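Contents: one structure, followed by commentary.
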Amino acid sequence: MTAIELTSSAVKLIVGYELDGRAVVLDSLTMPMNDGAVFNGEVVDPGAASAAICKLLKQASNDLNFPITEVSLAVPPIGLEVYVVDKNQTCVGTTPKISKTDIQNVIGQVRNENVGEQNEIIGLVPECFVIDQGRAFSNPPINEESKNITLHAKIHVLPKKVIDGYRKAAEFAHVRVRKMVVAPYAAAEVVKGYKEMPSDYVLFDFGARFSTISLIGDFQLYGSTYLHKGSDHLTETLASGLKISYNEATKLKEIYGIDHSPSSYKGVIAGLVDENGKTLNYTVDNVNAVLEKAVSDYAEDVHRCINDLLSGYDESFRNLPVVVTGGGARLSGLAPILEQYLAPHPVIFFSSKAMGARNSAYTNVLGVIKIVNKYRNAFDEEKRMVTPVERVQTSTPKEKKKGYDAFEDEL
């Protein structure tokens, strides 16, 4: 399985599968994205985005020695709406047992839920199937005796214009989209795999130019908001404050971060000659001063977003822990500032222990792998929405498909 996430600064990819509940990563890659291809979480230049996808897929294909023609995408929660849906279906078979057709029909009812002309259902999260005598199942109860079946599910809905941008980027790259997954839902699925992590929390994805804050309850996504700021803005503030180039500021931020340790280097770490010919030398203290102010301002914005997100819930939600993921979470010295400005929320930094994807920037794509594996073909919504692609010819003949299966093919 191949999962991709397009962000304002890079394209991230993981090829892998799930074994015994844990993701196995075969390859993980990141490639810089052209400025402007993705803006504020939306794909505004599908051509440029597809060019980056093609380069990344070519590299992954070379690494693994097999072609990649199908991908699943992590999509940001811009305009996300989460609805609870209950649909009932009378079984249609000649015997009083649940068949694949019955599962298909009840899922189809959920997928056909009216969400408005400008919106589209991007994900279906089954909570349980209920059949006669109130028997409940987390997985499709095929072959169980019952005349009726009810599906309790959540649906994730996004604006069509957001989904279309990501879909076009994949189509222009000539790859089939198997599934699209809302990014915080994917991240929550990864967090769920670690017993030491809470089940109820606020998920804070610290991105490059776009950060998201989501409410997770019992490992399920309930809502999201977002902030048009991220780690790249911290770099710009550092560059402006020290009057150095963006590239130099990036190096200083990545090497030193915010460093108050007694063992920190005390010498000159950067310098320049100003317009008056005066030499300016900078130490770690100078970097600390600029970054601390920038991160503090950013943390205040994040806290306001958290308060807005939780405003519709009771007071018990005011103390939920904040789980931090995303590439920006790697900034050295970030933890004390977040703990101060996000109080009373405890702050937990999360990264997967999966070999090859321990960088927190890969959390969302890792979650997509887990979700696609979890539901297999049963809940894949994208197969019916894409243009066909040419099959790559290989020297080994492929076994022909046995035939059309409504459960496997349509869902």
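The values are calculated or read from the model by the stated rules, or taken from the named source; none is laboratory data. Everything numeric here is computed off the predicted structure, so don't read it as measured data. Every residue, glycine among them, receives a Cβ derived from its backbone with ideal geometry; neighbour counts consider all protein chains shown.
Evaluating Asn307 against the criteria (1) free of Cβ contacts under 8 Å to residues at least 12 places away in the same chain; (2) outside any strand (DSSP E or B); (3) over 35 Å from the mean Cα position of the chain (by Cα) leaves one unmet condition, (3).
Among the residues of this structure, Ser199 does not count as one that is hydroxyl-bearing (Ser, Thr, Tyr) and closer than 16 Å to Ala74 by Cα.
Among (1) in contact with a Pro (Cβ under 8 Å, 6 or more places away or on another chain); (2) surrounded by fewer than 22 Cβ atoms within 10 Å (Cβ to Cβ), which single condition is Lys161 missing? Here Lys161 meets the rest and fails (1).
Tell me which of these Ser332 doesn't satisfy, since it passes every other one: (1) touching a residue at least 24 places away in the same chain (Cβ under 8 Å); (2) under 23 Å from Ser199 (Cβ atoms); (3) not in a helix (DSSP H, G or I). Tallying (1) touching a residue at least 24 places away in the same chain (Cβ under 8 Å); (2) under 23 Å from Ser199 (Cβ atoms); (3) not in a helix (DSSP H, G or I), Ser332 fails exactly one: (2).
Residue-wise test of (1) within 30 Å of Thr7 (Cβ to Cβ); (2) among the hydrophobic types (A, V, I, L, M, F, W, C); (3) more than 20 Å from the chain's Cα centre (by Cα).
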{"position": "Pro67", "(1), (2), (3)": "yes, no, yes"}
{"position": "Val75", "(1), (2), (3)": "yes, yes, no"}
{"position": "Leu80", "(1), (2), (3)": "yes, yes, no"}
{"position": "Gln89", "(1), (2), (3)": "no, no, yes"}
{"position": "Gly93", "(1), (2), (3)": "no, no, yes"}
{"position": "Ile107", "(1), (2), (3)": "no, yes, yes"}
{"position": "Arg111", "(1), (2), (3)": "yes, no, yes"}
{"position": "Glu117", "(1), (2), (3)": "yes, no, yes"}
{"position": "Ile122", "(1), (2), (3)": "yes, yes, no"}
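On the given criteria, is Ala187 among the small types (Gly, Ala, Ser), under 25 Å from Ile369 (Cβ atoms), modelled with pLDDT of 95 or more and assigned to a helix (DSSP H, G or I)?
yes
Annotation note: Cβ proximity below 6 Å between a residue of the range 89-105 that is touching a residue at least 40 places away in the same chain (Cβ under 8 Å) and a residue that is of a type in the set (Val, Ile, Thr) and assigned to a helix (DSSP H, G or I) (sequence gap 6+ or interchain) occurs for Gln89/Val106.
So for the range 82-93 (the condition being part of a helix (DSSP H, G or I) and farther than 17 Å from Ala183 by Cβ), does at least one residue qualify?
No: the range 82-93 contains no residue that is part of a helix (DSSP H, G or I) and farther than 17 Å from Ala183 by Cβ.
Filtering Gly36, Gly47 for residues that are surrounded by fewer than 15 Cβ atoms within 10 Å (Cβ to Cβ), touching a residue at least 12 places away in the same chain (Cβ under 8 Å) and assigned to a loop (DSSP other than H, G, I, E, B) leaves a single hit, Gly36.
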